[in-house]
Amino acid sequence: MQQAKSLELRAATSLAPLWRDQGKRDKARELLAPIYGWFTEGFDTLDLKEAKALLAGLQD
């Protein structure tokens with residue numbers, strides 16, 4: 001189950017910047033935020049660090 005969530009996080013982290021660049025910042029945030037919220041550990045992994053940074057950039 002955790003592996004599937006990690007794959008979904010990677011997919012969302014790939015899609016969100018595309019939507020952001022297309023002017024769909026809210027849609028990108030709505031996609032990524034709930035997936036990031038699933039995680040309760042592993043915040044030192046590259047995938048979660050990238051997702052956190054991307055979410056922070058979508059808050060602007």
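The criterion of being open to solvent by less than 30 Å² (accessible area, probe 1.4 Å), part of a helix (DSSP H, G or I) and in contact (Cβ under 8 Å) with a residue 40 or more places away in the chain holds for residue 54. If you check 49, 27 for being under 13 Å from residue 6 (Cα atoms), open to solvent by 80 Å² or more (accessible area, probe 1.4 Å), assigned to a helix (DSSP H, G or I) and not polar (S, T, N, Q), only one passes: 49. Picking from residues in segment 1-24 that are part of a loop (DSSP other than H, G, I, E, B) and either open to solvent by 80 Å² or more (accessible area, probe 1.4 Å) or of a type in the set (Phe, Trp, Tyr) (or both), the one that is farthest from residue 58 (Cα to Cα) is 1. Only one entry in 14, 6 is at pLDDT 95 or above and of a type in the set (Ser, Thr, Tyr), namely 14. Of all residues in segment 30-41, exactly one satisfies the criterion of being open to solvent by 60 Å² or more (accessible area, probe 1.4 Å), in a helix (DSSP H, G or I) and not charged (D, E, K, R), namely 34.
The values are calculated or read from the model by the stated rules, or taken from the named source; none is laboratory data. The structure presented is a predicted model; accordingly, all values stated were derived computationally and were not measured. Using ideal geometry, Cβ is built from the backbone for each residue, glycine included, and neighbour counts are taken over all protein chains shown. SASA here: full protein model, heavy atoms, side chains in, ligands and nucleic acids out. Shrake-Rupley method; radii C 1.70, N 1.55, O 1.52, S 1.80 Å.
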